[in-house]
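Notes for the one structure printed next.
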Amino acid sequence: MKTLLTTLMCAALILIAACSRPAAGEKAAVAPVVELITVEQRDVPVYAEWIGSVDGMVNAEIRAQVTGYLQRQAYIEGSFVRKGQLLFEIDPRPFEAALLQARGRLAEAKGQVAQARAQLAQAQAQLSKAEADQKRTQLDADRYAPLVKGDAVSQQDADNAVQNNLSAKAQVEAVAAQVETAKAQIEAANASVEAAQAAVETAQVNLSFTRLTAPIDGIAGQAQIQIGNLVSPSAGPVTTVSTLDPIRVFFTVSEQEYLGFARSPDGASPEEAMKRFVLELTLADGSVYPEKGKFYFADRHVDPKTGALQLAGLFPNHGNLLRPGQYAKVRALIRTQKGALLLPQRAVIELQGGFQVAVVDGENKVTLRTVKPGAEIGSMRVIEEGLRAGERVVVEGGDRLRSGVTVNPKGA
């Protein structure tokens with residue numbers, strides 16, 4: 001009986017041992033291998049970045065001021081032109097003829113002035129003679145009046161003297177009216193001269209408008225109208241000349257960003273505070289523009305629809321690499337964050353609008369912890385809440401782990 005009991009106990013032990021071994025083909029659970037990084041704490045520069053559009057400092061549209069046929073293009077498209085350089089020429093012949101006609105009318109009006117002045121001189125001479133004659137007849141009338149009383153002269157002679165004096169006065173008045181008429185004719189002729197002179201100047205201006213010149217130094221764009229086409233003031237610009245050095249870059253910031261930029265702890269004005277920012281430009285191919293920019297101006301108003309404000313930066317452009325219409329990223333150092341906690345961006349897990357990191361403790365167990373991320377610093381991310389300096393975090397793949405899982409670290 002004792003021997004049978006011993007045999008049964010041994011069989012039971014063997015069966016338990018057999019059940020505890022993994023079945024054929026099964027493998028024991030292995031802790032996942034992960035790369036860890038230690039949360040770093042240091043002072044970091046915080047940058048802001050916006051999408052910007054490049055525009056010329058001055059963009060002068062060249063438009064025809066008169067109607068005519070385009071006769072000549074005198075510049076190479078895309079080339080640098082100087083102020084006053086001829087770009088296009090409109091057929092000048094109709095305007096030259098109009099100028100000659102206006103000059104002819106001016107000469108005619110000046111002749112009328114000369115004629116009116118001659119008539120005035122003649123009338124003034126006649127007035128002087130008439131006044132002299134009237135004085136003589138007045139003397140005769142005055143002399144005959146007492147002589148009639150003494151019967152020294154006849155009444156008829158006295159009456160004739162009076163009538164001659166009255167006739168002389170009427171003649172003076174008539175000639176004086178001729179003088180005034182001559183003066184009015186001179187004024188009218190002078191007005192004709194002024195009108196003719198204005199017509200000449202208008203014709204000269206119109207003739208000058210047949211030469212379309214560059215109003216500024218800059219790069220001349222593509223011709224919008226071809227030689228032989230009819231151009232007019234309503235036909236739109238024939239080309240555009242842009243000043244490219246320096247060049248403006250426009251970008252839009254939120255109202256909150258603007259307030260942060262414009263407020264200075266030392267009491268400086270918003271313009272002075274913003275001029276302290278150094279602007280960097282990243283071009284479409286990812287390269288960084290070698291020249292640094294500076295703040296130029298802020299628009300006068302915040303767009304009530306978007307709550308955004310347009311700013312402009314100014315960049316040197318000595319080689320004319322930047323052209324109007326280009327898009328680029330504008331970046332500026334806005335502050336230095338003291339004692340910031342940093343993690344690689346790939347270590348931060350975004351999940352349904354929230355952010356987590358996989359923290360590994362001293363026993364290599366994982367805890368998924370909610371964090372509040374801050375600014376992006378290159379490939380790193382500032383963590384504002386949820387971590388402490390020196391903690392270990394899974395660099396990549398934390399979204400595949402669960403809290404409580406033991407990992408096999410290969411990093412920090």
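So here's what we get for this one:
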| read-out | value |
| --- | --- |
| Some residue of the stretch 265-275 being among the acidic types (Asp, Glu) and closer than 13 Å to residue 321 by Cα | no |
| Any hit, the stretch 144-151, residues being surrounded by fewer than 17 Cβ atoms within 10 Å (Cβ to Cβ), assigned to a loop (DSSP other than H, G, I, E, B) and free of Cβ contacts under 8 Å to residues at least 60 places away in the same chain | yes |
| Unmet requirement for residue 359, which otherwise passes all of (1) over 27 Å from residue 280 (Cβ atoms); (2) of a type outside the set (Gly, Ala, Ser); (3) not in a strand (DSSP E or B) | (3) |
| Only listed residue being assigned by TED's automatic domain parsing to the domain that holds residue 307 and either surrounded by fewer than 16 Cβ atoms within 10 Å (Cβ to Cβ) or under 30 Å from residue 312 (Cβ atoms) (or both), chosen from 280, 187, 194, 180 | 280 |
| Among the residues listed as 232, 192, the single one being under 44 Å from the mean Cα position of the chain (by Cα) and more than 30 Å from residue 246 (Cα to Cα) | 232 |
| Residue in the stretch 302-314 that is in contact (Cβ under 8 Å) with a residue 40 or more places away in the chain, surrounded by fewer than 14 Cβ atoms within 10 Å (Cβ to Cβ) and within 27 Å of residue 42 (Cα to Cα) present | no |
| Long-range neighbours under 7 Å by Cβ, at least six apart or interchain, first residue basic (Lys, Arg) within the stretch 94-123, second assigned to a helix (DSSP H, G or I) and surrounded by 16 or more Cβ atoms within 10 Å (Cβ to Cβ) | 103/200; 105/196; 105/199; 110/193; 117/186 |
| Whichever residue in the stretch 371-412 is under 25 Å from residue 45 (Cα atoms) and loosely packed, with under 12 Cβ neighbours inside 10 Å and, among such residues, is nearest to the chain's Cα centre (by Cα) | 378 |
| Single condition residue 333 does not satisfy, out of (1) part of a strand (DSSP E or B); (2) surrounded by 15 or more Cβ atoms within 10 Å (Cβ to Cβ) | (2) |
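The values are calculated or read from the model by the stated rules, or taken from the named source; none is laboratory data. What you see is a predicted model, and the numbers here were worked out from it, not measured in a lab. Methodologically, a virtual Cβ is constructed for each residue, glycine included, from the backbone with ideal geometry; neighbour enumeration extends over all protein chains shown.
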